[in-house]
Amino acid sequence: MFAVATLVAIGSMYVAPASAQVAAQKGKITVALESVMSIDSVAKTLLGGSFDQVSVQDSFTINGQTIQDFVTITPNQTAGEVSSNWSNGRKTLISQLTKNGFFAKNSKFASANTTDDSTTFAVKNITVYGDRQSAINTAGKFTGIHSTFQSSGNVGAASRKPTKAQPVSPTDGQITTFAVANTPYYTLLPISGSVITGLFTAPGVSGTWRGVQNYMGWNSNGFASDQTYEHDFFLDASGGTYFARSFSLPPSCQPNAVYAATSWPSTSYPYLDSDLESSGLCSSSGNIAYTIGAAQANAITTGMTHFTAILMPDGDASTDIFLLQGQVGYQFPVGCHGPLCSYPYGYGVRETTHYGLTSGTVPNTISWTVPAVFALDRPENVSVSNPTSSSLRLNFIDVSWDETNISAERSVGPSGPWTIFNFGILNGGTAVGSWYWDNTGLSSHIQYCYRMRATNAVTSSAYSPTVCGNTL
């Protein structure tokens, strides 16, 4: 039997992030340039500017594949030094991609453009990190289509990106995922991939880089038009890190990422967004994120192998442990693309599976797969209260992020038969929801029992424990 039910939300458990209290306001500002600039022009424009670090973005085509890439600039670096880092980064990346079969796997997706322009550089976007006013002043030297500012403190009219929900402490090979209510997260996750960490080399490039390459692929793309995706690689910094990092006041706590790249298309608006993640402060403990994100996630192409890669100098540890995490967020304001407009949903971290990983040690090469079916979380804290002669109240917490329906089943006594009451999707894009349902029209002096579960198009959760109550 089926029946219609009306639910009441007790309230949301979402907690807005508190502002980071720091000794000095730090910030970063991203500028989408009105026209592309050469490295020489960027270096000349930066002369005399006060900043901690600048990240610039370009793209190049090799073997029919277009790659978006980034290089970082530190104060007093010359255009020649930046060009050298960029050139060596690209050579090392191409060598690694060839070695790992990226071009061979994606040959059918190669464009007709066979031009190799990996030796030319044209800056399209710039992100400046530093003291709030200095970052604004330095970015103001560039002519942009639009700019977005993020500060570590309360800055009046300037918008501030909420602090990301913290990852759980890295454990060996653990992968977690954020997910969006109303959208089954199995449609948002890559189906398989691998993590390669270690020393990266290339012919003609002296020395080595330490780096991380993430490979992943989607069979389908279920992202909404305003959703973002970040592929987060975290290192545990409590005992030193395998990759180099810097320690300045947040949010300029950047890992010392010299070069980064991804195969995600330009229409997905890739961005480099690597920060230290530990209670909002930079310290020698916590987790460091090495992240590339897509600000327009519904543009990520399916059916092919994608990659993200970040190259860095040596850190202060010869080994490390990592956590890999997929984070789904949303644009705010809608249509704004970049690290400063991508907000996580704020659910906290949901652990899903180890995805076949048996070791999260660094350096290493580890493959993972996503199971075809994810277990749904059943409603929790189910109880019966508020008895009257004709009604009982069913209380519960909906902790499932990707249900298409929450249902309650009722029987007279604990053994059934059961009548089903469907409530549909409850969380509706907010955090965990506490709910109650007043089940009216009951008979007096009868014991009624209830059990609950969540369902979606693929699977159903286990039932909650059966709970019972007596009408008066």
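Counting only residues 5 or more places away or on other chains, whose amide H sits under 5 Å from the amide H of residue 391 once H atoms are built in the peptide plane?
442, 472
Quick one: which residues, 5+ away or cross-chain, put their amide H under 5 Å from the amide H of residue 110? H built at 1.01 Å from N.
none
What FRET efficiency do you get for residue 304 and residue 440 if R0 is 41 Å and r is their Cβ-Cβ distance, rounded to the nearest 0.05? Mind showing how you got there, number by number?
Numbers: r = 54 Å, r/R0 = 1.33.
Computed FRET efficiency for residue 304 and residue 440 comes out at 0.15.
Can you list residues from other chains, or at least 5 along the same chain, whose modelled amide H is less than 5 Å from the amide H of residue 192?
Those qualifying (amide H under 5 Å, at least 5 residues apart or on another chain) are 217, 370.
Whole-Hz Karplus ³J(HN,Hα) for the stretch 387-400, in order, using 6.51 cos²θ - 1.76 cosθ + 1.60 and θ = phi - 60°, x for Gly and Pro?
Once rounded to whole Hz, the list reads x, 10, 6, 9, 8, 9, 9, 9, 9, 6, 10, 8, 10, 8.
Mind listing the phi-derived Karplus ³J(HN,Hα) values for the stretch 409-420, rounded to whole Hz, using 6.51, -1.76 and 1.60 with θ = phi - 60°, and x for any glycine or proline?
Coupling constants for the stretch 409-420: 10, 10, 9, 7, x, x, 9, x, x, 10, 9, 9 Hz.
Between residue 361 and residue 84, what is 0.36 nm times their sequence separation minus the Cα-Cα distance? Round to one decimal in nm. Working shown, then result.
On the way: separation 277, 0.36 × 277 = 99.72 nm, distance 3.10 nm.
Between residue 361 and residue 84, full extension yields 96.6 nm more.
Each residue of the stretch 124-136 in turn: what ³J(HN,Hα) in whole Hz from Karplus with 6.51, -1.76, 1.60 and θ = phi - 60°, glycine and Pro shown as x?
Values per residue, Gly and Pro as x: 10, 9, 9, 10, 10, 10, x, 4, 3, 5, 5, 4, 5 Hz.
Order these peptides, 228-240, 315-327, 96-108, by their mean beta-carbon neighbour count within 10 angstrom, highest first.
In decreasing order of mean packing, 228-240, 315-327, 96-108 become 228-240, 315-327, 96-108.
Using 1/(1 + (r/R0)^6) with R0 = 30 angstrom and r between the beta carbons of residue 199 and residue 267, what's the FRET efficiency to the nearest 0.05?
Computed FRET efficiency for residue 199 and residue 267: 0.35.
Bear in mind that the values in this text are calculations on the coordinates, not laboratory data. Treat the numbers as computed from the prediction; the structure is a model and nothing was measured. FYI the Cβ positions are ideal-geometry reconstructions off the backbone, even for glycines, and counts take in every protein chain you see.
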